Amino acid sequence: MIKFENQKFHLSNEYFSYVIEISRGKHLLHRYWGRPLREFRDSAPLQAIDRANAGQLAEFENERTYSLDVLPQEYPVQGHTDFRIPAYRVEHENGTNISELNYSSYKIIDGKPALKGLPASFGDNCQTLEIELVDICKNFTVYLYYTIFDDSPILTRSAKFVNTGGKKIKIRHAASAAVDFNENDFDIIDLYGGHAAERTVQRHKLQRGIFEVSSTRGASSHQHSPFIALARPDATEFFGEVYAASFVYSGSFAIKIEAEQFGTTRLVVGLNPDTFSWLLEPNEEFQTPEVVLNFSANGLNGMSQSFHKFFREHLMRGKFKDQVRPILINNWEATYFDFNEEKIIALADCAKELGLELVVLDDGWFGKRNDDNSSLGDWFVNREKLPNGIEGLVNAVHERGLKFGIWVEPEMVNVDSDLYHAHPDWILHVPDYKPSFSRHQLVLDLSRADVREYVLDAMRKVFSSAPIDYVKWDYNRHMTEAFSAKLPPERQLETQHRVILGLYEIMEKLVNEFPDILFESCSGGGGRFDAGFLYYMPQTWTSDDSDAVCRLSIQTGTGMAFPIVAQGAHVSVVPNHQVGRVTTFQMRNFVAMCGTYGFELDITRFTAEEKDEVKKYVELYKEIRPTMQLGKFTRLLTAYNNGNEYAWQFEDENRIVVVYFRVLSQPATPIRILKLAGLNPDREYHLKKYFPPKKMSVDGGKQVINFQEKSFYGDELMNNGLAVEKIDGDFAAYMWVFEK
């Protein structure tokens with residue numbers, strides 16, 4: 001998949017080609033990324049592009065047509081002759097930040113080397129290109145890594161810095177990848193948001209200048225997802241070219257796009273230079289996190305499906321990555337802090353009656369915690385609430401044939417805690433300044449080995465105290481005052497990244513020591529939903545907002561990059577606790593089924609009629625769960641930014657499930673026809689089950705369209721489509737289940 005000929009590297013498979021040129025024996029130039037090429041013969045040579053006569057600095061004296069300020073590069077440097085966004089910046093002991101990297105050598109490696117201390121993709125069906133670039137003053141060396149997989153339109157990239165000189169250097173900026181495009185006719189698609197409003201899809205035309213999505217919060221954040229897509233203006237869900245990037249990292253990041261004077265575009269993805277620096281002693285090395293680059297010739301659905309498949313097969317690990325997830329009841333919105341053993345056992349009894357499979361005990365089971373003011377860090381059981389301890393409660397739940405899960409927030413501490421009283425220096429805190437609080441919490445300094453050892457020991461004791469099946473790992477505030485008492489002044493800007501590396505070290509040990517625990521990550525909801533966490537924990541709580549209408553937008557944005565089986569989704573009470581909306585029970589259930597279905601309300605308050613309805617939904621979901629969680633996901637109809645209609649399709653080898661949601665009823669609307677996608681035109685699809693909204697107002701309450709037990713060929717469902725019968729009422733949810 002990797003060839004080197006005529007000073008050009010050609011990385012290619014059946015999905016894409018990526019071409020790099022060694023120019024004049026020294027510069028690494030980006031030549032092509034896109035649809036697969038049989039062979040790259042340079043039909044558009046750079047020599048024909050004379051743009052360097054407008055005051056550009058020339059790389060070679062008296063040769064105005066060769067300027068790094070206009071040439072497309074693979075890893076551009078700051079401060080030499082390129083004034084665009086750089087990929088890296090190194091500061092020398094004399095205070096200068098000028099360097100120049102020249103090509104030195106390459107290796108083609110079968111497989112993919114692991115990235116030390118970092119989450120990264122893996123696989124046997126891949127090849128890796130290692131390119132060595134050496135500073136002309138031999139102060140340092142940079143290795144660029146490119147991995148191509150034979151079954152995917154994905155290319156992964158990262159960089160490693162090695163101090164090969166005899167003096168210290170300080171890395172001020174270290175991107176994982178840069179890509180130069182010779183044009184700027186793109187739309188940008190990014191995912192913005194906030195707490196309880198994560199990953200809203202935003203599409204806008206690329207303008208001249210610099211566009212940035214980033215986080216300085218020490219987490220990938222609710223506000224911006226570490227994802228970006230550059231789509232052709234005519235690209236739709238099914239057609240057109242899309243170039244996308246997802247950063248495999250859980251801390252502060254920066255994705256920058258520059259459309260510059262000559263109409264070219266530069267994309268740079270990596271650690272956020274505003275919160276990062278790294279002192280590199282002689283012979284030391286620094287590895288950047290990985291970027292997953294994705295080329296789709298089949299629109300946004302093609303992009304999303306490639307991300308989903310790649311993350312499931314080449315990033316997520318452990319026994320649960322290909323297993324369907326249990327249907328759970330979480331006690332948080334049912335009880336908040338006000339619970340005891342009897343209440344949780346009552347939930348378990350009701351869960352068993354309804355056919356649920358997992359009971360999760362959320363915040364408040366430890367220390368003296370009856371609100372969010374105290375006890376974070378004190379990971380011992382509150383015996384007033386749980387007199388028989390965690391083990392007694394787990395045994396009671398297991399006796400009912402259910403699994404048991406528990407909530408932890410190991411990265412935080414309250415001032416009102418035994419841990420803080422014993423070790424006030426263990427928090428991130430700048431001396432002489434008052435610390436900032438959020439939810440009455442402070443952040444533990446996981447860059448310190450002693451703090452990491454405490455967290456590891458505490459979690460080992462909790463996880464081994466009883467046969468726990470599931471852990472919800474939370475993180476409810478972002479980093480401020482990122483100062484470590486253990487680091488010298490010249491290393492303080494390393495703190496944020498060192499904390500993330502410390503977290504990765506803890507999680508790597510725990511997920512390996514407890515392989516039978518299903519871990520779900522959480523950060524005030526979806527504040528750390530990133531590819532880095534999926535390497536350790538195969539699912540994430542998508543958002544603290546469980547309102548069905550809000551979740552249509554949130555789960556749409558999340559599904560742009562992340563697989564359905566990774567998205568926690570629960571049915572909650574109405575009026576909804578976050579926005580006060582009252583939606584239909586069917587809509588709440590069907591939206592939650594488009595993720596890892598569960599419940600987050602007091603199920604013991606259901607009426608007999610409601611219990612019967614829940615049992616039917618649970619029975620239905622258990623039947624279609626493999627399709628919903630592990631099947632191919634397609635957006636048939638997407639109303640971005642809180643629109644009125646959504647239609648999604650799920651497909652595996654056995655069935656097709658189609659869901660359609662209409663938020664508000666409107667008069668005089670046209671017939672909605674859903675054209676299914678990706679079916680076998682010559683195969684029959686038998687409609688086994690059909691669920692229209694319950695409220696009927698046509699033909700005396702009878703269905704007008706009844707396809708029950710009918711079969712259709714794939715070509716008709718794709719080209720003629722599936723009609724949605726008009727049923728009045730807000731918050732309408734429909735489902736069709738086809739068997740192949």
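A few comments on the model shown:
- Inside the range 222-272, residues that are touching a helix residue (DSSP H, G or I) at 6+ places or on another chain (Cβ under 7 Å) and not in a strand (DSSP E or B) make up a count of 9.
- Where LYS694 falls short, out of the listed (1) part of a loop (DSSP other than H, G, I, E, B); (2) under 27 Å from the mean Cα position of the chain (by Cα); (3) of a type outside the set (A, V, I, L, M): (2)
- Cross-chain or 6+ apart pairs with Cβ under 6 Å, the range 321-347 first and within 20 Å of TRP541 (Cβ to Cβ), then exposed (fewer than 15 other Cβ atoms within 10 Å of the Cβ) and among the charged types (D, E, K, R): PHE337/ASP371
- Residues that are under 27 Å from LYS112 (Cβ atoms), touching a residue at least 40 places away in the same chain (Cβ under 8 Å) and of a type outside the set (A, V, I, L, M) within the range 24-50 comprise HIS27, HIS30, ARG31, TRP33, GLY34, ARG35, listed in sequence order.
- Hits in the range 428-457 - residues which are of a type in the set (A, V, I, L, M, F, W, C) and open to solvent by 10 Å² or more (accessible area, probe 1.4 Å): VAL430, PHE437, ALA449
- Residue match in the range 532-545 (condition: part of a helix (DSSP H, G or I) and of a type in the set (S, T, N, Q)): no
- Cross-chain or 6+ apart pairs with Cβ under 9 Å, the range 716-732 first and under 19 Å from GLU684 (Cβ atoms), then open to solvent by 60 Å² or more (accessible area, probe 1.4 Å) and among the aliphatic types (A, V, I, L, M): ASN720/ILE673; GLY721/ILE673; LEU722/ILE673; ALA723/ILE671; ALA723/ILE673
- In summary, ARG452 fulfils each of the numbered conditions (1) among the charged types (D, E, K, R); (2) in a loop (DSSP other than H, G, I, E, B); (3) in contact with a helix residue (DSSP H, G or I) (Cβ under 8 Å, 6 or more places away or on another chain) with the single exception of condition (2).
- Looking only at the range 720-736, and only at residues there that are assigned to a loop (DSSP other than H, G, I, E, B) and among the small types (Gly, Ala, Ser), the one that is modelled with the lowest pLDDT: GLY729
Residues checked against (1) over 30 Å from GLU93 (Cβ atoms); (2) outside any loop (DSSP other than H, G, I, E, B); (3) modelled with pLDDT of 95 or more; (4) among the acidic types (Asp, Glu):
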position: GLU481; (1), (2), (3), (4): no, no, yes, yes
position: LEU487; (1), (2), (3), (4): no, no, yes, no
position: ARG491; (1), (2), (3), (4): no, yes, yes, no
position: GLU494; (1), (2), (3), (4): no, yes, yes, yes
position: HIS497; (1), (2), (3), (4): no, yes, yes, no
position: GLY502; (1), (2), (3), (4): no, yes, yes, no
position: LYS509; (1), (2), (3), (4): yes, yes, yes, no
position: ASN512; (1), (2), (3), (4): yes, yes, yes, no
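- Checking each residue in the range 349-380 for being under 17 Å from LYS472 (Cβ atoms) and not in a loop (DSSP other than H, G, I, E, B) picks out ALA351, LEU358, VAL359, VAL360, LEU361, PHE366.
- Lone qualifier among ASP234, ASP274 - being surrounded by fewer than 20 Cβ atoms within 10 Å (Cβ to Cβ) and within 23 Å of GLY524 (Cβ to Cβ): ASP274
- The condition of being out of contact with any Leu (no Cβ under 9 Å at 6 or more places or on another chain), buried (at least 17 other Cβ atoms within 10 Å of the Cβ), among the basic types (Lys, Arg) and closer than 25 Å to MET507 by Cα does not hold for LYS116.
- Among (1) over 21 Å from LYS116 (Cβ atoms); (2) buried (at least 22 other Cβ atoms within 10 Å of the Cβ) - the single one SER158 does not satisfy: (1)
- Which numbered condition PHE529 fails, given (1) in a loop (DSSP other than H, G, I, E, B); (2) over 16 Å from the mean Cα position of the chain (by Cα): (2)
- Picking from residues in the range 277-296 that are open to solvent by less than 10 Å² (accessible area, probe 1.4 Å) and not in a strand (DSSP E or B), the one that is farthest from GLU74 (Cα to Cα) is SER277.
- Selection within the range 89-115 - assigned to a loop (DSSP other than H, G, I, E, B) and in contact with a strand residue (DSSP E or B) (Cβ under 6 Å, 6 or more places away or on another chain): ASN97, SER99, LYS112, LEU115
- Restricting the range 411-425 to residues that are closer than 19 Å to ARG460 by Cα and in contact with an Asp or Glu (Cβ under 7 Å, 6 or more places away or on another chain), the residue that is most open to solvent (accessible area, probe 1.4 Å) is ASP418.
- Taking each residue of the range 1-21 that is at positive phi and among the acidic types (Asp, Glu) and looking for partners that are surrounded by fewer than 17 Cβ atoms within 10 Å (Cβ to Cβ) and part of a strand (DSSP E or B) with beta-carbon atoms closer than 9 Å, six or more apart or interchain, yields nothing.
- Every residue from the range 379-410 that is open to solvent by 10 Å² or more (accessible area, probe 1.4 Å) and closer than 14 Å to TYR454 by Cα: TRP379, PHE380
- Candidate set from the range 183-227 (those that are buried (at least 22 other Cβ atoms within 10 Å of the Cβ) and among the aromatic types (Phe, Trp, Tyr)); member that is nearest to the chain's Cα centre (by Cα): PHE227
- Note on the range 653-682: among residues that are of a type in the set (Gly, Ala, Ser) and open to solvent by less than 80 Å² (accessible area, probe 1.4 Å), the one that is farthest from ASN719 (Cα to Cα) is SER665.
- Residue list for the range 316-347, filter: polar (S, T, N, Q) and either open to solvent by 50 Å² or more (accessible area, probe 1.4 Å) or not in a helix (DSSP H, G or I) (or both): GLN323, ASN330, ASN331, ASN340
- Residues in the range 454-500 that are closer than 30 Å to GLU357 by Cβ and not hydrophobic (A, V, I, L, M, F, W, C): ARG460, LYS461, SER464, SER465, PRO467, ASP469, TYR470, LYS472, ASP474, TYR475, ASN476.
- Candidates in the range 239-261 are the residues that are crowded, with 24+ Cβ neighbours inside 10 Å and polar (S, T, N, Q); of these, the one that is farthest from the chain's Cα centre (by Cα) is SER252.
The values are calculated or read from the model by the stated rules, or taken from the named source; none is laboratory data. Not measured: the values here are computed from a predicted model. Cβ sites come from the backbone with ideal geometry, for glycine too, and all protein chains shown count toward neighbours. Ligands, DNA and RNA are stripped out before the accessible areas are found, and what is left, the full protein with its side chains, is counted by its heavy atoms. Shrake-Rupley method; radii C 1.70, N 1.55, O 1.52, S 1.80 Å.
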